[in-house]
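Accompanying notes for the structure given below.
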Amino acid sequence: MKVLATACVCIALLMMASNVVGAASNARFAPGDQLVYEITVELQQHHTTGGTKTRDEAVESSAQGTETFTIQSIGSDGTAFAGVDASFEGSDRGVPFQSHTTSTGKVMPDGRLLIKEQLGLGISEAMTFANTTAEEIDQHPLRLGASWTTPQTTPAVLLTFARKVVGVKTYQGFTAYELQTLGSGTLRKTTDGKDAKGTIAVSGTSYYDQPNHLIIGEALRTLTVVQLPGSASKHDNYSTTMNVMLRSWTRAAPALEASPGAPAPEETPTEEPAAPQPQPSGYGPTPYATVTPRLSP
């Protein structure tokens, strides 16, 4: 488990490392706009032992639900500040769960969706991978055939991501560029500095709306295989399947103009809305190691 935890920590550091983000249009959102994203996650961990009796101990969990971003205000740089309502249900090691949380968040100028309240079972990690894609796209030319690689190295992990623009598709009226992602790497150290042997693989397809600087969807799979010390047959496999999809973008209704000569409505003092407070989710972060990154809002 320490070895897999190393994969989690090291790739978290790698994926969260970023460069300067390009600017986007300030007019894409308005207060009252609402974005609804569907997210599904499946996690599996297998502990395999060899010898005269081969054993495969499996642990599984899954989650599916929505995160709804309701835009509250727009910053001068185009950042959209939002309230976020997240509702999920699923199974954690065979135990059913339901989760409903409210939090604050942001839709950044490059399309990243940042949320203050973090959820376990791979939910926040699925959005983080989509955010990493959006951030990279904003730093590279987006046209058919464009490709780039991102080598990243720490003392514990060697990892390279290759991305390529392979098509343009229409979804709910959006024109979305289709990107393919392949990543591969090796695990070299544990969290306590001990040598480790392992491989890391990532594959996925992403859809990005360039005019609105917005992630339309992403499907991603990751696999970490770690050879346990002192055995040629014992190993741990950890795999994730993550899907993020924009279900809808509801525009705010335009304000009605007052009729000529009509009396102006009386102003009513309003209190500044308090920031939404997280509600108990009923479960904690995933207890097993993951190769997906952790998001820091």
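Readers should treat all values here as calculations from the given coordinates under stated rules, not as data from a laboratory. Nothing here was measured: the structure is a model prediction, and the numbers come from that model. Glycine also receives a Cβ, built like all others from the backbone with ideal geometry; neighbour counts cover every protein chain displayed.
Before moving on, here are some points about what is shown:
- Y171 long-range amide H proximity, modeled H, under 5 Å: A176
- Among T199, T132, the order by Cβ neighbours within 10 angstrom, fewest to most, reads T199, T132.
- Span from the the stretch 117-170 Cα centroid across to the the stretch 171-204 one, whole angstrom: 9
- Sorted by Cβ neighbour density within 10 Å, fewest at the top, the residues M127, M245: M245, M127
- Phi angles of the stretch 107-123 translate, via the Karplus equation with coefficients 6.51, -1.76, 1.60 and θ = phi - 60°, into HN-Hα couplings of 10, 7, x, 8, x, 5, 10, 9, 10, 5, 7, 9, 10, x, 6, x, 5 Hz per residue; Gly and Pro are given as x.
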